[in-house]
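Shown next, in C-alpha coordinates, is the structure this report addresses.
The values are calculated or read from the model by the stated rules, or taken from the named source; none is laboratory data. Just so it is clear, the structure is predicted and the values come from calculations on it, not from any experiment. Methodologically, a virtual Cβ is constructed for each residue, glycine included, from the backbone with ideal geometry; neighbour enumeration extends over all protein chains shown. We work out accessible area using only protein heavy atoms, side chains counted, and drop any ligands, DNA or RNA first. Shrake-Rupley method; radii C 1.70, N 1.55, O 1.52, S 1.80 Å.
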Amino acid sequence: EKVNTTGDFTPAYCFLPSENFRFIKASLEEKGFKVKVIFIMRDPVDRVLSHLRMDMRRKEIDKEFTEKRLRVFYKDIHCNRRTRYESVICNLEKVFKKEDIFYGFYENLFEKETLKRFANFVEIPNLEFQIDEKVNESSEILKSSVIDQKILKKVFRYYKKTYLFCYNKFDLKSLWNKEY
(Lines give C-alpha, C1' and ligand atoms only; values in the text may rest on other atoms or scores of the structure.)
Protein backbone atom coordinates (compact mmCIF):
# COMPACT_ATOMS: atom_id res chain seq x y z
CA GLU A 1 0.00 0.00 0.00
CA LYS A 2 1.34 3.41 -0.95
CA VAL A 3 1.75 5.95 1.85
CA ASN A 4 0.38 9.34 0.78
CA THR A 5 0.46 11.25 4.05
CA THR A 6 3.04 11.47 6.79
CA GLY A 7 3.81 13.82 9.64
CA ASP A 8 6.29 14.45 12.36
CA PHE A 9 6.36 17.00 15.12
CA THR A 10 8.68 18.05 17.86
CA PRO A 11 9.76 21.37 19.38
CA ALA A 12 13.32 20.21 18.65
CA TYR A 13 12.83 21.27 15.02
CA CYS A 14 13.26 24.82 16.33
CA PHE A 15 16.99 24.01 16.56
CA LEU A 16 17.34 23.30 12.85
CA PRO A 17 18.98 25.75 10.45
CA SER A 18 17.40 26.39 7.06
CA GLU A 19 19.80 23.92 5.36
CA ASN A 20 18.26 21.07 7.37
CA PHE A 21 14.75 22.19 6.45
CA ARG A 22 15.85 22.31 2.80
CA PHE A 23 17.18 18.74 3.04
CA ILE A 24 14.01 17.44 4.73
CA LYS A 25 11.81 19.17 2.16
CA ALA A 26 13.81 17.86 -0.81
CA SER A 27 13.89 14.31 0.61
CA LEU A 28 10.12 14.23 1.09
CA GLU A 29 9.40 15.82 -2.29
CA GLU A 30 11.67 13.22 -3.91
CA LYS A 31 9.33 10.58 -2.49
CA GLY A 32 6.32 12.37 -3.98
CA PHE A 33 5.04 14.24 -0.91
CA LYS A 34 3.67 17.77 -0.98
CA VAL A 35 5.45 19.30 2.02
CA LYS A 36 3.64 21.63 4.39
CA VAL A 37 4.81 23.04 7.70
CA ILE A 38 2.68 23.49 10.80
CA PHE A 39 4.23 25.83 13.35
CA ILE A 40 2.31 26.38 16.58
CA MET A 41 3.41 29.19 18.88
CA ARG A 42 2.41 30.16 22.39
CA ASP A 43 2.84 33.37 24.33
CA PRO A 44 6.59 33.20 25.12
CA VAL A 45 6.24 33.61 28.91
CA ASP A 46 3.49 31.00 29.02
CA ARG A 47 5.55 28.70 26.78
CA VAL A 48 8.53 28.96 29.12
CA LEU A 49 6.34 28.20 32.14
CA SER A 50 4.68 25.28 30.36
CA HIS A 51 8.07 23.87 29.32
CA LEU A 52 9.31 24.18 32.91
CA ARG A 53 6.15 22.52 34.28
CA MET A 54 6.59 19.64 31.83
CA ASP A 55 10.21 19.21 32.94
CA MET A 56 9.13 19.26 36.56
CA ARG A 57 6.38 16.71 35.91
CA ARG A 58 8.81 14.41 34.09
CA LYS A 59 11.41 14.69 36.85
CA GLU A 60 8.78 14.64 39.62
CA ILE A 61 10.07 17.88 41.13
CA ASP A 62 7.84 19.55 43.71
CA LYS A 63 6.24 22.95 43.08
CA GLU A 64 8.58 24.80 45.46
CA PHE A 65 11.33 24.34 42.87
CA THR A 66 9.46 26.32 40.20
CA GLU A 67 10.59 29.85 40.96
CA LYS A 68 14.20 28.99 41.67
CA ARG A 69 14.40 26.87 38.50
CA LEU A 70 12.68 29.55 36.38
CA ARG A 71 15.41 32.08 37.23
CA VAL A 72 17.85 29.97 35.17
CA PHE A 73 15.57 27.96 32.90
CA TYR A 74 14.25 30.74 30.64
CA LYS A 75 17.80 31.44 29.38
CA ASP A 76 18.69 27.77 28.87
CA ILE A 77 19.55 26.98 25.24
CA HIS A 78 16.76 24.38 24.95
CA CYS A 79 14.17 26.82 26.22
CA ASN A 80 15.62 29.79 24.34
CA ARG A 81 15.74 28.14 20.91
CA ARG A 82 12.19 26.83 21.24
CA THR A 83 10.92 30.28 22.20
CA ARG A 84 12.79 32.51 19.72
CA TYR A 85 10.08 32.29 17.09
CA GLU A 86 11.67 35.01 14.97
CA SER A 87 14.65 32.75 14.31
CA VAL A 88 12.56 29.67 13.53
CA ILE A 89 10.23 31.61 11.21
CA CYS A 90 13.20 33.13 9.37
CA ASN A 91 14.69 29.65 8.80
CA LEU A 92 11.35 28.22 7.66
CA GLU A 93 10.62 31.08 5.27
CA LYS A 94 14.03 30.70 3.61
CA VAL A 95 12.90 27.25 2.45
CA PHE A 96 9.10 27.09 2.30
CA LYS A 97 6.60 29.28 0.49
CA LYS A 98 4.43 31.25 2.89
CA GLU A 99 1.32 29.44 1.64
CA ASP A 100 2.94 26.14 2.68
CA ILE A 101 3.36 27.23 6.31
CA PHE A 102 0.51 27.16 8.81
CA TYR A 103 1.11 29.54 11.69
CA GLY A 104 -1.09 28.71 14.65
CA PHE A 105 -1.31 29.95 18.19
CA TYR A 106 -1.93 27.81 21.25
CA GLU A 107 -4.26 30.41 22.74
CA ASN A 108 -6.87 29.96 20.00
CA LEU A 109 -5.81 26.59 18.57
CA PHE A 110 -8.99 24.77 19.55
CA GLU A 111 -11.42 27.42 18.36
CA LYS A 112 -13.72 26.53 15.49
CA GLU A 113 -12.26 29.12 13.09
CA THR A 114 -8.66 28.02 13.70
CA LEU A 115 -9.54 24.34 13.30
CA LYS A 116 -11.35 25.10 10.03
CA ARG A 117 -8.33 27.08 8.77
CA PHE A 118 -6.08 24.13 9.74
CA ALA A 119 -8.33 21.56 8.00
CA ASN A 120 -8.28 23.67 4.83
CA PHE A 121 -4.50 24.03 5.06
CA VAL A 122 -3.97 20.26 5.25
CA GLU A 123 -6.54 19.89 2.47
CA ILE A 124 -8.93 17.75 4.52
CA PRO A 125 -12.00 20.02 4.69
CA ASN A 126 -14.16 17.53 6.65
CA LEU A 127 -11.49 16.79 9.23
CA GLU A 128 -13.03 16.16 12.64
CA PHE A 129 -11.30 17.11 15.87
CA GLN A 130 -11.68 15.63 19.34
CA ILE A 131 -10.93 18.58 21.56
CA ASP A 132 -12.63 17.55 24.80
CA GLU A 133 -9.76 15.44 26.12
CA LYS A 134 -6.81 17.35 27.54
CA VAL A 135 -3.46 15.62 27.07
CA ASN A 136 -0.30 16.52 29.01
CA GLU A 137 -2.12 19.10 31.10
CA SER A 138 -0.20 20.34 34.13
CA SER A 139 -1.45 19.25 37.51
CA GLU A 140 -3.38 21.79 39.54
CA ILE A 141 -0.47 21.95 42.00
CA LEU A 142 1.97 23.01 39.29
CA LYS A 143 -0.50 25.39 37.64
CA SER A 144 -1.26 27.12 40.90
CA SER A 145 2.39 27.71 41.79
CA VAL A 146 2.76 31.37 42.61
CA ILE A 147 5.60 32.97 40.71
CA ASP A 148 6.98 36.35 41.62
CA GLN A 149 5.94 39.00 39.09
CA LYS A 150 9.51 40.36 39.05
CA ILE A 151 10.77 37.08 37.61
CA LEU A 152 7.95 36.99 35.05
CA LYS A 153 8.87 40.55 34.07
CA LYS A 154 12.50 39.44 33.50
CA VAL A 155 11.34 36.58 31.29
CA PHE A 156 9.07 38.95 29.36
CA ARG A 157 11.92 41.44 28.82
CA TYR A 158 14.28 38.65 27.81
CA TYR A 159 11.84 37.64 25.04
CA LYS A 160 10.76 41.18 24.17
CA LYS A 161 12.28 40.90 20.67
CA THR A 162 10.18 37.77 20.09
CA TYR A 163 7.01 39.53 21.22
CA LEU A 164 7.73 42.52 18.97
CA PHE A 165 8.52 40.32 15.98
CA CYS A 166 5.30 38.37 16.42
CA TYR A 167 3.20 41.49 17.07
CA ASN A 168 4.49 42.90 13.77
CA LYS A 169 4.05 39.68 11.76
CA PHE A 170 0.72 38.51 13.21
CA ASP A 171 -2.22 40.24 14.85
CA LEU A 172 -1.52 38.92 18.34
CA LYS A 173 -2.06 41.72 20.80
CA SER A 174 -5.45 40.29 21.78
CA LEU A 175 -3.91 36.84 22.35
CA TRP A 176 -0.58 37.80 23.90
CA ASN A 177 -1.45 40.77 26.06
CA LYS A 178 1.09 40.58 28.85
CA GLU A 179 1.35 43.54 31.19
CA TYR A 180 4.20 42.96 33.64
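Does residue 65 satisfy being modelled with pLDDT of 95 or more and not polar (S, T, N, Q)? So residue 65 does not fit the description; no.
Against the condition at pLDDT below 90, closer than 29 Å to residue 115 by Cα and within 19 Å of the chain's Cα centre (by Cα), how does residue 5 come out, does it pass? Judged against the criteria, residue 5 is not a match. Residues considered: 70, 16, 109. Of these, the only one that is touching a residue at least 12 places away in the same chain (Cβ under 8 Å) and closer than 25 Å to residue 154 by Cβ is 70.
One line per residue, one yes/no per condition, for (1) modelled with pLDDT of 85 or more; (2) part of a helix (DSSP H, G or I); (3) open to solvent by less than 30 Å² (accessible area, probe 1.4 Å); (4) not hydroxyl-bearing (Ser, Thr, Tyr):
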{"position": "89", "(1), (2), (3), (4)": "yes, yes, yes, yes"}
{"position": "99", "(1), (2), (3), (4)": "yes, yes, no, yes"}
{"position": "113", "(1), (2), (3), (4)": "yes, yes, no, yes"}
{"position": "119", "(1), (2), (3), (4)": "yes, yes, yes, yes"}
{"position": "127", "(1), (2), (3), (4)": "no, no, no, yes"}
{"position": "137", "(1), (2), (3), (4)": "no, no, no, yes"}
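Of all residues in the stretch 148-162, those satisfying the criterion of being in contact (Cβ under 8 Å) with a residue 60 or more places away in the chain and in a helix (DSSP H, G or I) are 151, 152, 154, 155, 156, 158, 161, 162.
Based on this model, can you work out whether residue 6 counts as exposed (fewer than 10 other Cβ atoms within 10 Å of the Cβ), among the hydroxyl-bearing types (Ser, Thr, Tyr) and more than 14 Å from residue 82 (Cα to Cα)? Yes: the conditions hold for residue 6. Evaluated against (1) assigned to a loop (DSSP other than H, G, I, E, B); (2) surrounded by 15 or more Cβ atoms within 10 Å (Cβ to Cβ), residue 55 falls short on exactly one condition, (1). Could you go through the stretch 66-78 and let me know if any residue there is closer than 18 Å to residue 161 by Cβ, open to solvent by less than 40 Å² (accessible area, probe 1.4 Å) and assigned to a helix (DSSP H, G or I). Within the stretch 66-78 (the criterion being closer than 18 Å to residue 161 by Cβ, open to solvent by less than 40 Å² (accessible area, probe 1.4 Å) and assigned to a helix (DSSP H, G or I)), the answer is no, since none of the residues qualifies. Assessment of the stretch 42-52 against the conditions (of a type in the set (A, V, I, L, M, F, W, C) and surrounded by fewer than 20 Cβ atoms within 10 Å (Cβ to Cβ)) yields no matching residue. Residue 35 meets all of the listed conditions (1) β-branched (Val, Ile, Thr); (2) free of Cβ contacts under 8 Å to residues at least 40 places away in the same chain; (3) surrounded by 15 or more Cβ atoms within 10 Å (Cβ to Cβ) but one, namely (2). Residue 172 meets all of the listed conditions (1) at pLDDT 90 or above; (2) surrounded by 14 or more Cβ atoms within 10 Å (Cβ to Cβ) but one, namely (1).
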